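Notes for the one structure printed next.
Derivation of every value follows stated rules applied to the coordinates shown; laboratory data play no part. Since the model is a prediction, treat every value here as computed from it, not as a measurement. Here the Cβ positions follow ideal geometry from the backbone for every residue, glycine too, while neighbour counts run over all protein chains shown.
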Amino acid sequence: MFADIELVNRVKGCVNSTIMVQAELLFDSYNDTSLSQLLFDNDFVKFIFFNDNDETSKQNKNNIISTNLLDTTRESYQDGTINSTNLIAYAFHSSALYLIEEYTSKNKRIVNINDSNDSFDCIENFIKFMINKSLSTKMIMISYLPLFKWKDPFLTLKEYLSFFKSLFVDTIIIQKDPPPCHQSASITTRSYARIGLMGNPSDGFYGKTISLLISNFFAEITLIPNKFTHTQEYSKIEFLHFMITTTFSFLSIESLSILSFTEGYANANRLFQATCKVFFVYCKTNNFTLHKQGFRLCYETNIPRQVGLSGSSAIITALWKALMKFYRIGNDEISLAMQAKLILDVELIELGINAGLQDRVIQSFGGVMYMDFKKEFMEKNGGIGKYIRVPNELIPRGLWIAYEGNPSDSSKIHNDVRKRFEAGDKKIADAMIQFASFAEQTYHFLLDSSIQQATKRVKLAKLMNMNFNLRQEIYGNKTIGKNNLKMIELPRKFGFAAKFTGSGGAIVGLWEDDSDKDMILNVEKLKNELQKEGFVFCWVKICDDKYEKY
């Protein structure tokens with residue numbers, strides 16, 4: 001047992017008091033407040049033992065709980081006051097956890113799970129060890145907790161299960177009929193791939209960007225509400241995967257959140273799990289009432305993986321939309337800007353994925369967005385930037401994308417540049433300011449009605465090339481990679497501007513000339529060359545309202 005505590009302390013790096021209790025105590029409806037106070041309000045001592053006093057229990061049937069605080073001296077140990085067979089809880093002060101490692105290292109022979117006598121010896125010897133250390137140690141004698149009947153050696157399995165099942169189910173089942181908020185219809189939501197049109201990667205460095213959502217590729221979530229039942233199955237949450245036979249389930253969204261805090265995330269469903277946790281914690285913190293009905297989740301996506309089209313955040317955003325619909329929370333209660341920030345938290349904070357706000361903003365708002373991530377503004381507004389919608393029709397026609405078939409992990413590409421930025425590298429800081437200026441220039445000429453569309457296309461194409469050239473300068477060809485460089489070089493050979501849609505693996509292109517005379521011929525030549533190199537070409541379809549409201 002003490003070796004287990006040592007392991008937890010070593011892995012988790014415990015900084016607070018650590019408490020071990022027998023699980024049955026947590027379900028005692030009679031002592032929620034009293035036992036909690038005993039467990040958590042005794043930090044003035046280094047070690048506390050909670051002992052069930054059988055004799056006192058028999059004499060105090062009318063008392064729910066009473067305590068007797070004793071010093072664990074050598075005398076009390078020798079005269080039998082401490083009965084290790086009845087110990088039900090242990091509390092270790094954070095300042096004394098290091099002693100457990102010292103104890104276990106000196107007493108390896110007694111930590112033997114195959115010999116029940118050794119487990120008792122372990123407790124007895126540990127008490128001796130503490131006493132010899134002359135530590136501030138207390139024992140609390142607990143008299144009569146109703147649930148202590150599970151310690152009765154004559155208690156049958158049927159009686160044990162009957163008691164705890166009824167106790168647990170009573171906390172779940174509230175009424176016989178479906179509650180008013182019960183839902184039976186499935187919910188389907190989509191989130192689409194995005195293109196970073198200008199300014200990226202400055203979104204992660206307090207810059208400015210312009211992005212647009214495209215309907216070519218999407219992630220789709222289907223949320224299937226649970227059927228009404230009088231059992232705990234009503235609150236159950238399951239993640240279903242088309243390509244995996246195993247399903248992942250949790251008793252409730254609250255249970256999911258707690259397990260995520262303590263156990264982390266499983267690879268197969270980490271996006272789902274982390275999203276549900278962030279959603280639950282935010283709702284609980286902000287006093288949103290979430291009903292008890294659970295659900296099953298499944299998803300599909302046709303967004304090419306790891307090519308800078310924001311596939312993972314599309315899954316998260318689609319799930320976020322589904323959760324808001326399921327729990328009947330509107331955009332007026334959690335703003336689109338806040339949703340984008342929380343979705344970023346899922347990846348950046350919960351999962352440790354290197355990411356910026358740009359993708360989450362455009363996938364939350366839809367259409368075309370100009371984003372300003374000025375540091376002072378974001379710090380003042382809790383990590384939220386300034387977001388301005390740009391009418392779709394202002395974007396010059398003729399955008400296309402190409403992507404590679406064997407991509408790399410885009411999250412790795414930012415690493416060195418971020419370290420240099422945080423270290424105050426002037427070259428990187430100046431580059432991010434320049435990226436931001438590209439986006440700002442684009443925003444202003446797109447909104448300028450005095451400029452013809454053909455001229456806007458030429459201006460946009462020129463800035464697209466400048467955006468990539470600057471990226472190439474600060475990241476270097478080795479980081480960008482041969483395939484990515486080839487994707488950029490081919491369009492330029494045929495008169496097209498090109499830049500990354502995100503962090504690599506996909507590019508967005510646009511004809512550089514103000515005349516369409518040679519564009520059709522050259523685009524066919526380009527498509528053939530790209531396909532020979534194993535790249536995929538497709539024309540861009542900007543999401544309009546019907547896609548955003550799916």
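Annotations
- Using Cβ point charges alone (K and R +1, D and E -1), the dipole size of the range 396-548 about the Cα centre works out to roughly 380 debye.
- Along the axis of the charge dipole computed for the range 396-548 (Cβ charges of +1 for Lys and Arg, -1 for Asp and Glu, origin at the Cα centre), the listed residues Ile542, Ala498, Asn483 are led at the positive end by Asn483.
- Counted residue by residue at 0.36 nm each, then reduced by the alpha carbon distance between them, the extension gain from Glu300 to Lys380 reaches 25.0 nm.
- Flagged links, alpha-carbon separation over 23 Å, of Lys375/Lys427; Lys493/Lys517; Lys374/Lys456; Lys380/Lys459: Lys374/Lys456; Lys380/Lys459
- In a simple Cβ point-charge model (Lys, Arg +1; Asp, Glu -1; nothing else charged), the range 187-393 has a dipole of about 220 debye relative to its Cα centre.
- Put a dot 7 Å past the Cα of Ala423, heading toward its Cβ, do the same for Asn392, and the two dots end up 4.5 nm apart.
- Anisotropy class of the range 396-548 from Cα gyration tensor, a/c 1.5 cut: oblate
- Computed on the range 187-393, the Cα convex hull volume stands at 126 Å³ per residue.
- Over all other residues within a Cβ to Cβ distance under 14 Å of Leu447, the charged ones net out to 0, with Lys and Arg as +1 and Asp and Glu as -1.
- Charge tally in the Cβ shell below 10 Å around Ile474, where Lys, Arg are +1 and Asp, Glu are -1, Ile474 excluded: -1
- Computed from the Cβ-Cβ distance with R0 of 25 Å, the FRET efficiency linking Ser184 to Leu161 stands at 0.20.
- Annotation: extensible slack from Glu473 through Asp430 equals 14.3 nm (criterion: 0.36 nm per residue apart, minus Cα-Cα distance).
- FRET efficiency, Asp177 to Leu336 (Cβ-Cβ, R0 56 Å, nearest 0.05): 0.95
- Computed from the C-beta positions of Ser449 and Asp416 and an R0 of 56 Å, the FRET efficiency is 0.85 to the nearest 0.05.
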